[in-house]
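Take a look at the structure below.
The values are calculated or read from the model by the stated rules, or taken from the named source; none is laboratory data. Small disclaimer: the values here were computed from a predicted structure and weren't measured. Counting neighbours? That spans all protein chains shown, and the Cβs are built from the backbone with ideal geometry, glycine included.
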Amino acid sequence: MKKIIPCILCGLIVSCFVVSCKPAKQKPVPVAEVDYTQVQVPLFSVDSAYDFVAAQTSFGFRTPGSKAHVRCGDYLAQTMRRWCDTVLSQPFRATLWNGETVQGRNIISIINPKAETRVLLAAHWDSRQWADHDSDEGKHRSPIMGANDGASGVGVLMEAARAMSSMRPEVGVDFVFFDIEDQGVPEWADRYEDNSWCKGAQHWAQNPHTPLYQARYGILLDMVGAEHPRFTKEQFSMQYASTITNKVWSVARALGYGGVFEDSKSDPILDDHLYVNRLRGVPMVDIVQNSRQCSFFPHWHTTGDDMENVNRETLGIVGQVLLKTVYSTTN
């Protein structure tokens, strides 16, 4: 990810999508008075989530075409098979902004495949090839580790899947790890292209793993391991998925995390959820770090995005809110 999009451009960007098939009409999330503190959920292990983040970074830079990228993808699929009923790999080819064609792989893991009511949980697992926001210009063409920007969201979802295996939710859950999300046009290229980002989400949204796939709602996790977490109601999330957005923030408030999930609206962000909303018709919220002092978090798209800057407590907060949200969803 990504780009914070000035509001004046929102209408233009949204109107430029080409939809390959007409998605089913969005199903609103039922609104009900729920005491979220009383919703029973399995234990979310902060240490386990942190270890899953660290395991991804141990392979090195997960940039498209690299050996680390292949090995990490294999690790993710093999590990998710321990807890999920079905794990699928969705290979695809993508052309990057510079004309390079690369091989991508979305990894899809399914719990309760026969359940009619489904929830979509997603994050991206690739790491960016260019540290184009590094304070050292000499590193602008160097890859980043992507511990927070990528690995943190996947780590939380892996721990959520592990937890769910010990206490199955009532609904079906589809975990999608999107690939080639973070390879958009770098700042030093001196141009910008919307669709150069989120290649895996674009492919999946138009070619879902199940024909005519629909879900009650979706939750995207991106950069959810910063030391000083701040999540706001991003504009595209509110535009396309306001009901689930408001529910997630209500859950967080009920759990005492209202200071982290701030009840304020913020600028739209080009991220995987936009394509899921627009091309697949699944109302999806983006839980994404939004720092007051800088774009996203201090080490965004720099060589400093490593394990030293991943916070266990933040992973735990997001994991708990995620589980309470899913387990309060009924058929």
Every listed condition ((1) farther than 23 Å from His228 by Cβ; (2) surrounded by 23 or more Cβ atoms within 10 Å (Cβ to Cβ); (3) not aromatic (Phe, Trp, Tyr)) holds for Val321 save (1)
Keeping to the stretch 65-95, report how many residues are polar (S, T, N, Q) and in a helix (DSSP H, G or I).
2
In contact with an Asp or Glu (Cβ under 8 Å, 6 or more places away or on another chain), modelled with pLDDT of 95 or more and surrounded by fewer than 20 Cβ atoms within 10 Å (Cβ to Cβ): is that true of Pro143 in this structure?
no
Could you please let me know if Tyr213 is surrounded by 23 or more Cβ atoms within 10 Å (Cβ to Cβ) and either at pLDDT 95 or above or within 18 Å of Gly200 (Cα to Cα) (or both)?
no
Note on Glu187: of the conditions (1) over 24 Å from Gln103 (Cβ atoms); (2) modelled with pLDDT of 95 or more, unmet is (2)
Using the structure shown, decide if Pro42 is assigned to a loop (DSSP other than H, G, I, E, B), closer than 29 Å to Thr330 by Cα and either hydrophobic (A, V, I, L, M, F, W, C) or modelled with pLDDT of 95 or more (or both).
yes
Sort out which residues of the stretch 71-84 are more than 20 Å from the chain's Cα centre (by Cα) and either among the acidic types (Asp, Glu) or closer than 13 Å to Arg105 by Cα (or both), and write them in order of number.
Arg71
What residue, among those in the stretch 76-125 that are closer than 27 Å to Arg141 by Cα and out of contact with any strand residue (DSSP E or B) (no Cβ under 8 Å at 6 or more places or on another chain), is surrounded by the most Cβ atoms within 10 Å (Cβ to Cβ)?
Trp97
When residues of the stretch 81-127 are limited to those that are among the charged types (D, E, K, R) and out of contact with any Phe, Trp or Tyr (no Cβ under 9 Å at 6 or more places or on another chain), the one farthest from Thr330 (Cα to Cα)
Glu100
Working only within the stretch 243-273, note down all residues that are assigned to a helix (DSSP H, G or I) and either of a type in the set (Phe, Trp, Tyr) or free of Cβ contacts under 8 Å to residues at least 24 places away in the same chain (or both).
Asn246, Trp249, Arg253
Every residue from the stretch 88-111 that is of a type outside the set (Val, Ile, Thr), in contact with an Asp or Glu (Cβ under 7 Å, 6 or more places away or on another chain) and more than 14 Å from Trp125 (Cβ to Cβ)
Trp97
Return the pairs, sorted by first residue and then second, in which the second residue is among the basic types (Lys, Arg) and part of a helix (DSSP H, G or I), the first residue lies in the stretch 37-58 and is within 11 Å of Leu315 (Cα to Cα) and in contact (Cβ under 8 Å) with a residue 60 or more places away in the chain, the beta carbons are less than 8 Å apart, and the residues are 6+ apart or on different chains.
Ser45/Arg162; Val46/Arg312; Asp47/Arg312; Ser48/Arg162; Ala49/Arg312; Tyr50/Arg312
Those residues of the stretch 274-331 that are assigned to a loop (DSSP other than H, G, I, E, B), of a type in the set (Gly, Ala, Ser) and either under 22 Å from Met238 (Cα atoms) or in contact with a Lys or Arg (Cβ under 7 Å, 6 or more places away or on another chain) (or both) come to a total of 4
In the stretch 63-102, the residues that are within 18 Å of Gly150 (Cα to Cα) and touching a Gly at 6+ places or on another chain (Cβ under 7 Å)
Pro64, Ala68
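Yes/no matrix, rows are residues, columns are (1) β-branched (Val, Ile, Thr); (2) touching a residue at least 12 places away in the same chain (Cβ under 8 Å); (3) buried (at least 24 other Cβ atoms within 10 Å of the Cβ); (4) touching a strand residue (DSSP E or B) at 6+ places or on another chain (Cβ under 8 Å):
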residue	(1), (2), (3), (4)
Glu170	no, yes, no, no
Val185	yes, yes, no, no
Ala205	no, yes, yes, no
Leu220	no, yes, yes, yes
Gly225	no, yes, yes, no
